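Inspection log for the structure reproduced underneath, given as structure tokens.
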Amino acid sequence: MKASDLFVKALENEGVEYIFGIPGEENLDILDSLKDSKIKLILTRHEQAAGFMAATYGRLTGKPGVCLATLGPGATNFVTASAYAQLGAMPMMMITGQKPIKKSKQGRFQILDVVDMMRPITKYTRQIVNGNNIPAMVREAFRIAVEERPGAVHLELPEDIAAEEIDASLFETNPIRRANPEVKSLEMAVDMIQNAKRPLLLIGAGANRKRTSKALRDFIEKTGIYFFNTQMGKGVVDERHSLYLGTAALSDHDYLHCALERADLIVNVGHDVIEKPPFFMEQGGKKVIHVNFFAAQVDDVYFPQLNVVGDIAFSIKELTRMITVQNHWDFDYFCRIKIEVDQHIKSNSESAQFPILPQYLVSEVRKALPDDGILTLDNGVYKIWFARNFPAYHANTLLLDNALATMGAGFPSAMAAKMVYPERAVVSVCGDGGFMMNSQELETAVRLGLHVVIVILNDSAYGMIKWKQAAQKFENFGLDYANPDFVKYAESYGAKGHRVEKSEDFSKILNECLQSKGVHLIDVPVDYSENHKVLNEELYAKTCIL
């Protein structure tokens, strides 16, 4: 059997459905082997977009998404996507080609040490030097990719190794069960929660796993403890819940941080040190219980007093079973903070001002999307508005990146989401800057016949940096640019373009796009004056209620 045939069979053995990417001449054996495979090749227009799609597939399914590129520039275009998956805890496998390693007549043409390049931004990276090793190396790569904490892996298959004849068999794919926490740590956690006066529950990125939503919901229902989440923990528990306080979209100076100041214990479920800190610890201050698959990484602002290490869903189920509701728990202040947070989020949510205000945009998107609809965000200041103001009803229905926080990933993520869930509505909200970084994938989406809606927030500038520039009292400089006519741009790819010319038209256009098949792009002029006014001036000037 040819090595490339075995490689593809090994991927089939792992349940791979798609390979996203752009093959090169060094991948031609793999391409030929894929021709008769049940794995579908999704040809993209840039390797970075292929990587973003593979990572998002991994995030939504829990199985590694697979992407393919050639050597040299093809492989280097995977670097950002690899970091995106690695920091975002998304299982992904990258496959790259290479010149023949046994004998080559091309000198150092296009040659980079790709394996070494990938080492700092993957969990596992190897060059295959013997085709007989393919089954073991593929199995090991997939195992490592999904093992907590999930991330990116990479295999390099040189041209001559792919073409050689080998004799090897596949490995069984046996799932590995996560370990359960020790009983003593659970007992200590129960004691700390029961002895606290004002405990709070924080749901982080690591809790965004199967089975965890129900376990957390049962814990909240039994105890009556209020909860909040990080940006990448949104939707793990339905945010319409009466005990939901909000999302820690900022590290400090937000309304829910008043509740954090009063809490004497935080049960921190799924904390991921890569996310921006949702709160800062101080010596002698509030206590923290760290519930996660692995022990806490201690730093200056995070040093929990107790680690509950093991499968998160099991840990929460056991805590729910063991805990007794306490009469001395006092949640009155949290109740008052919730009222304040809810009132603040309603501010300007119905404003007909044009260009559109972020609060109004977030509110209208929420109204238009079904409960299980998926919203993907690119990276910009609007991410903060959506994190704070957009209630997510189910896990992984608001896909944002609070890890690498890269631009250019929002639209490819929406494409992958639609492929995983073809029956669900998918909307991608992108800044004009981020969208243009991978806008060429409009052709891919049209070719694949996807039904996705892209909402472009058009301010002809890098708005988030402008917000930071204003916050630091720098003069407005160096961040403005010109955009194409987005309607004509979309139509040139065969997509459907729409332009919002008054605020009340946005909801109508968005709903029509959601009901009409195809790729739709909506150009929405946005007024970002609220960024500085609310997120800088008002929040820093506010005082916590007594």
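The values are calculated or read from the model by the stated rules, or taken from the named source; none is laboratory data. From a predicted model like this one, the values you see are computed outputs, not experimental measurements. Heads up, the Cβs are rebuilt from the backbone with ideal geometry, glycines too, and the neighbour counts pull from every protein chain shown.
Working only within the stretch 1-19, note down all residues that are of a type outside the set (G, A, S) and touching a residue at least 60 places away in the same chain (Cβ under 8 Å).
If the condition is that a residue be of a type outside the set (G, A, S) and touching a residue at least 60 places away in the same chain (Cβ under 8 Å), then M1, K2, L6, F7, K9, L11, N13, E14, Y18, I19 are the ones that fit.
Can you find a residue that is over 30 Å from D272 (Cβ atoms) and in contact with a helix residue (DSSP H, G or I) (Cβ under 8 Å, 6 or more places away or on another chain) anywhere in the stretch 115-128?
yes
Looking at the structure I just gave you, is F279 in a helix (DSSP H, G or I), within 30 Å of V365 (Cβ to Cβ), of a type in the set (F, W, Y) and in contact with a helix residue (DSSP H, G or I) (Cβ under 7 Å, 6 or more places away or on another chain)?
Taking the combined requirement at face value, the residue does not satisfy it.
Take the stretch 370-380 and flag every residue that is surrounded by 24 or more Cβ atoms within 10 Å (Cβ to Cβ) and either part of a loop (DSSP other than H, G, I, E, B) or of a type in the set (A, V, I, L, M) (or both).
The answer is I374, L375, L377, D378, G380.
Kindly list the number of the only condition in (1) in contact with a helix residue (DSSP H, G or I) (Cβ under 9 Å, 6 or more places away or on another chain); (2) of a type in the set (K, R); (3) without any contact (Cβ under 8 Å) to a residue 24 or more places away in the chain that fails for R388.
Failing condition for R388: (3).
Could you check the stretch 156-178 and list, in sequence order, the residues that are among the aliphatic types (A, V, I, L, M), surrounded by fewer than 22 Cβ atoms within 10 Å (Cβ to Cβ) and either in the same structural domain as D29 (by TED's automatic domain parsing) or over 34 Å from the mean Cα position of the chain (by Cα) (or both)?
Matches in the stretch 156-178: A163, I166, A168.
Restricting to the stretch 196-235, count the residues that are within 15 Å of D272 (Cα to Cα) and in a loop (DSSP other than H, G, I, E, B).
Number of matching residues: 5.
Name every residue in the stretch 310-331 that is outside any helix (DSSP H, G or I) and either buried (at least 18 other Cβ atoms within 10 Å of the Cβ) or among the aromatic types (F, W, Y) (or both), in order of residue number.
Within the stretch 310-331, G310, D311, I323, W329, F331 qualify.
Do any helices (runs of 4 or more DSSP H) lying entirely in the stretch 126-195 carry at least 3 residues that are more than 30 Å from I323 (Cα to Cα), and which ones are they?
134-146, 159-163
Kindly indicate the residue of the stretch 465-493 that is touching a residue at least 12 places away in the same chain (Cβ under 8 Å) and among the small types (G, A, S) and also surrounded by the fewest Cβ atoms within 10 Å (Cβ to Cβ) among those meeting that condition.
Once the filter is applied, the top-ranked residue is A482.
State all residues of the stretch 80-123 that are surrounded by fewer than 15 Cβ atoms within 10 Å (Cβ to Cβ) and part of a helix (DSSP H, G or I); if no residue qualifies, say none.
D116, R119, P120
Of the conditions (1) within 21 Å of I454 (Cα to Cα); (2) of a type outside the set (K, R); (3) in a loop (DSSP other than H, G, I, E, B), S351 satisfies every one except a single condition; which number is it?
Every condition holds for S351 apart from (1).
Among residues belonging to the stretch 1-22 that are more than 26 Å from the chain's Cα centre (by Cα) and outside any helix (DSSP H, G or I), point out the one that is surrounded by the fewest Cβ atoms within 10 Å (Cβ to Cβ).
The qualifying residue surrounded by the fewest Cβ atoms within 10 Å (Cβ to Cβ) is M1.
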